[in-house]
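Asks: Sharing a structure here in structure tokens format.
No lab work stands behind these numbers, since they all come straight from the coordinates. In this text, all values refer to a predicted model and were calculated from it rather than measured experimentally. Backbone-built Cβ (ideal geometry, glycine too); neighbour counts: all protein chains shown.
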Amino acid sequence: TGTGRNLFFAYHLDLTLHAQALADVLSSPSAASKSIASRADRRFFWNRVMAAPVMDAGGDTFVLPMIVGSIGQLADVPAAAHGKAVSLTLTLLARRSADRAGTRHWRRGTDTSGAAANFVETEQLVTLDGGKVVASYVQVRGSIPLLWSQIPNIKYKPTTRLLASGSPTAASFDAHFDALLGKYEVCWLPAQGVLHGKEQVWGRCMASNRTGDVAWQATQLVMLHGKQHNW
């Protein structure tokens, strides 16, 4: 159900969870028995602060998590599978994170906990056989995970400023990717556009942070440098 302001909620489905996360929840009796609000992904639970007093008082079953983003759906799309005509339902959902939200340029980079500005999880769902078969593809995007700013001015591309270097940036960088790997297990990162021109400052800083548990050589984290794929 949409509110007309890019806010969406559902009475019997947790919109904060992508299909795989929802399947994992439902496969666990203890998790499946919890209310939608208590098992929601807090990143996309936009009314979580407002709902906190109700949930703290034990009224979580009365709370419906709301997401900010967009939802579109095409039903009865003709297709073929294994030589047979089938009808698909295509759904596209975009979930915007409630953490470090803000307008372009005014909100950049990550905070010290690793939350990236304007982080969005986009999911494409293909459903057939009345929901018996569901295929999901998830893509996420967010501001470059460093401590930096780009305050708007009259220039087409405002000056990029790193707010910190060394340990603070490395800690934020690692926290960001630790969180991504914890949620999605495998991450593919297109790096094109951050290693040349005025954006070299990002490339140099990111290169200096390729250490620790989020080593770029790890099989879970793959950088895609333009047309050259390294994994």
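Asks: With labels modelled as points extended 7 Å from the Cα through the Cβ direction, what inter-label distance (nm, one decimal) is found for Y11 paired with W188?
Replies: Result: 3.9 nm between the two label points.
Asks: By its C-alpha gyration tensor, with a ≥ b ≥ c as the square roots of the eigenvalues, how is the stretch 22-63 shaped: rounded for a/c under 1.5, else prolate for a/b larger than b/c, else oblate?
Replies: Oblate is the answer for the stretch 22-63, as a/c is 1.5 or above yet b/c matches or exceeds a/b.
Asks: Would you calculate the separation in nanometres between label points at Y137 and S27, each defined as 7 Å from the Cα along the Cα-to-beta-carbon direction?
Replies: 2.2 nm
Asks: Could you state, as a whole-number percent, how many of the C-alpha pairs of the stretch 12-113 are farther apart than 25 Å?
Replies: Result: 39 percent of Cα pairs exceed 25 Å.
Asks: Using a Förster distance of 35 Å, how high is the FRET efficiency between A52 and T89, based on the Cβ-Cβ distance and rounded to 0.05?
Replies: Efficiency at R0 = 35 Å is approximately 0.50.
Asks: Once fully extended, how much extra length lies between Q73 and L163, figured as 0.36 nm per residue of separation less the alpha-carbon to alpha-carbon distance?
Replies: 28.2 nm
Asks: Pulled fully out, how much extra length does the chain show between L128 and T61, if you take 0.36 nm times their separation in residues and subtract their Cα-Cα distance?
Replies: 21.1 nm
Asks: Could you tell me how far the Cα centroid of the stretch 122-156 sits from the Cα centroid of the stretch 57-111, in Å?
Replies: After rounding, the separation between the Cα centres reads 9 Å.
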